[in-house]
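Just below is one structure, and these are the notes that go with it.
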Amino acid sequence: MDVLTLSRLQFAITSMFHFIFVPLTLGLSIMVAYMETKYVRSGEELYLKMAKFWGKLFLINFALGVVTGITLEFQFGMNWAEYSRYVGDIFGAPLAIEATVAFFMESVFIGLWIFGWNKVSKRVHAISIWMVALATNLSALWILLANGWMQHPVGYVMRNGRSEMVDFFALVTNPYGILKFGHQIVSGYTVAAFFVMGISAWHLLRGNQSSFFKASFRMAAPFALVSVLLVAAIGDFHAVEVAKTQPAKFAAMESVWETKRGVGLNLLLMPDELHECNSVEKICIPNMVSMLAFHTPDGEIKGLKEFPKSERPPVLSVFLSFRAMVGLGFLFLALAVIAVLLSRRDLLEKYPLFLKVMMIVIPLPYLANQLGWIVAEVGRQPWIVYGVLKTSEAVSKALDNTQVLTSLLGFTLLYGTLGLVDIYLLAKHARKGPDEDLSSILPKERMRR
């Protein structure tokens, strides 16, 4: 493999591994903050135990996320130096804001939350985890605005062979970036909700602290339902934006080869021009692709044949990833509805098969997130900045195969080890359950009583 292929593979491995931790951090920070707020308002120790238990799992995940995210930015200068030279004036701005504002907030308030039990007031302590949740989501905002600019570049001019920012407001209001951010954070909330329900289901099947885990499940179920519905709603608007700004990607997502109006949705997993959908075949939903793209049944979809072969994205991986992601979304919706109904009626323990399903599906929201990024990033190819700079032009010129292969193998070994450590720690503390002794974190006057 050449330097370009190895560099792409390395960035794919490191970024996808890092993104195992990001969605859970986004959602679980919100849920832990809500649990602690319930404790502050009600004084019930159940909510304190919930915040402490789920907060411990959040911290394990957060630590691994920070460690694995740092290496990504170094790769821009090492493997993708031509990209950094070409767009550094623009891409560097949101990343700098993310580091100096969002990450700084995370670092300060996560320390206060970890070490502030029984050292600051209950309200201040609860505010600290809310600030962590806010900073975590702000971090995602700036990173996704940067990625949104790569997907749909705005507010720049070309000078001396480099892109320079002329309108920062255009970058922060870029519809592509905003929709991408909205779609991603609610996807993260979905991951967290199913994570909490899955672990709770494991304990309920074994009769471990039933009141605690039924309360956790009951809290996570509506969070999951609302999150899944928002994923679908924002995803619909995002599809419209993709059709408008990245027509080649949209055509690959739906395997549309010929430009036409009233395009139907292909239900066969055969993304080639011989199996294109039309209104008379029984393998499709008539006009559905046009509806998804433009919210009108006769919208015109630009086919892949309109683009030079050198500018078409890989169709198979994009087509299948998109369908798998959407299919998982429908599964999550069905499970979330059942979870809300059963938990509200206190019937969870009467349906052990459902609890087993909820335990088994814990990895699937993670998979759906990864599939979404495959659609976003592979579907953008061959461009690293859509319509402006090709990926083949962005790789560092000074590297050789041996250097990149060595770092690739090193990262793979390191990240594999970290992954095993993360799984071990999460499984260990998840199986252990909540601490019964809260004396170290209860207010002193409560302990005396």
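Every read-out reported here was derived from the displayed coordinates using simple, explicitly stated rules and does not represent laboratory data. Here the structure is a predicted model, which means the values were calculated and not measured. Virtual Cβ from ideal backbone geometry, glycine too; neighbours counted across all protein chains shown.
Compute the Cα gyration tensor for segment 96-225, then decide on rounded, prolate or oblate, letting a ≥ b ≥ c be the square roots of its eigenvalues: rounded whenever a/c is under 1.5, prolate when a/b is larger than b/c in the other cases, and oblate in all that remain.
Details: a/c = 3.93, a/b = 1.84, b/c = 2.14.
Oblate is the answer for segment 96-225, as a/c is 1.5 or above yet b/c matches or exceeds a/b.
Cut-off is 10 Å between beta-carbons; in what order do LEU347, LEU335 appear when sorted fewest neighbours first?
Starting with the residue having the fewest Cβ neighbours, the order is LEU347, LEU335.
Can you tell which of PRO313, LEU24, ILE374 lies farthest toward the positive end of the dipole of the chain, using +1 and -1 charges on the Cβ of basic and acidic side chains (Lys, Arg; Asp, Glu)?
LEU24
Order these peptides, 284-293, 75-84, by their mean beta-carbon neighbour count within 10 angstrom, highest first.
Highest mean packing first, the order is 284-293, 75-84.
What order, most packed first, do the peptides 242-251, 103-112 have when packing is the mean number of other Cβ atoms within 10 Å of each residue?
Descending packing order for the listed peptides: 242-251, 103-112.
Based only on other Cβ atoms within 10 Å, what is the fewest-to-most ordering of HIS429, HIS295, HIS125? Provide the component values of the computation, followed by the final result.
On the way: HIS429 16, HIS295 12, HIS125 20.
Lowest count first: HIS295, HIS429, HIS125.
Going 7 Å from the Cα of MET16 in the Cα-to-Cβ direction, what parts of segment 371-401 have a backbone nitrogen less than 12 Å from that spot?
Answer for segment 371-401: 371-375, 377-378.
Can you tell me the alpha carbon radius of gyration of segment 33-150 divided by the globular rule-of-thumb value 2.2 N^0.38 Å?
Expressed relative to 2.2 N^0.38 Å, the Cα Rg reads 1.30.
Testing the spin-label approximation: label points 7 Å from Cα along Cα→Cβ at ALA96 and ILE114. State their distance in nm.
The modelled label-to-label distance comes out at 2.9 nm.
Gap in Å between the Cα centre of segment 116-177 and the Cα centre of segment 416-430?
Taking the Cα centre of each part, segment 416-430 and segment 116-177 sit 29 Å apart.
On a 0 to 90° scale, report how tilted helix 81-97 is relative to the longest principal axis of the chain, with both axes built from alpha carbons and the result rounded to the nearest 10.
Compared with the principal axis, the helix lies near 40 degrees.
Which lysines, if any, have their Cα less than 16 Å from the Cα of LYS350, not counting same-chain residues under 8 positions apart?
LYS214
Relative to the Cα centre, what is the charge dipole magnitude of the chain, using +1 at the beta carbon of each Lys and Arg, -1 at the beta carbon of each Asp and Glu, and rounding to the nearest 20 debye?
Dipole of the chain, to the nearest 20 debye: 1620 debye.
If packing is taken as the mean number of other Cβ atoms within 10 Å per residue, what is the order of 183-191, 136-144, highest first? Before the final figure, lay out the partial values.
Working: 183-191: 26.1, 136-144: 22.0.
Answer by packing, highest mean first, reads 183-191, 136-144.
Taking the alpha-carbon distance from LYS302 and a cut-off under 16 Å, which lysines remain once sequence neighbours fewer than 8 residues away in the same chain are dropped?
By straight Cα distance, LYS302 reaches LYS244, LYS249, LYS260.
Below 8 Å, C-alpha to C-alpha, sequence gap of six or more: please give me the relative contact order for the chain in percent.
21
Straight distance only, please: which lysines reach the Cα of LYS119 with their own Cα at less than 22 Å, same-chain residues fewer than 8 apart left out?
Straight-distance partners of LYS119: LYS38, LYS49, LYS52, LYS56, LYS444.
What net charge do the residues around MET78 carry, taking every other residue with its C-beta under 14 Å from that of MET78, with Lys and Arg at +1 and Asp and Glu at -1?
Combined, the nearby Lys, Arg, Asp and Glu give 0.
Choose one of ASN160, MET150, ALA102: the residue whose Cα lies farthest towards the positive end of the charge dipole of segment 92-176 (beta-carbon charges +1 Lys, Arg; -1 Asp, Glu; about the Cα centre).
Final value for the positive-end residue is ALA102.
Can you list residues whose amide H is under 5 Å from TRP257's amide H, if they're 5+ apart or on another chain and H is modeled 1.01 Å from N?
Here the answer is LEU304, since their amide H atoms fall under 5 Å of that of TRP257.
What is the magnitude of the charge dipole of segment 328-446 about its Cα centre, with +1 placed on the Cβ of each Lys and Arg, -1 on the Cβ of each Asp and Glu, and no other charges, expressed in debye to the nearest 20? If you can, show how the numbers build up before the last one.
Numbers: 12 positive and 10 negative charges, 54 e Å.
It comes to approximately 260 debye.
Compute the long axis of helix 3-18 from its Cα atoms, compare it with the longest principal axis of the Cα atoms of the chain, and write down the angle in degrees, 0 to 90, nearest 10.
The answer is roughly 30 degrees.
Given all pairs of different Cα atoms, what value in angstroms does the Kirkwood hydrodynamic radius of the chain take? Could you put the intermediate results ahead of the total?
Values: mean 1/r = 0.0424 Å⁻¹.
Value: 23.6 Å, from the Cα pair sum.
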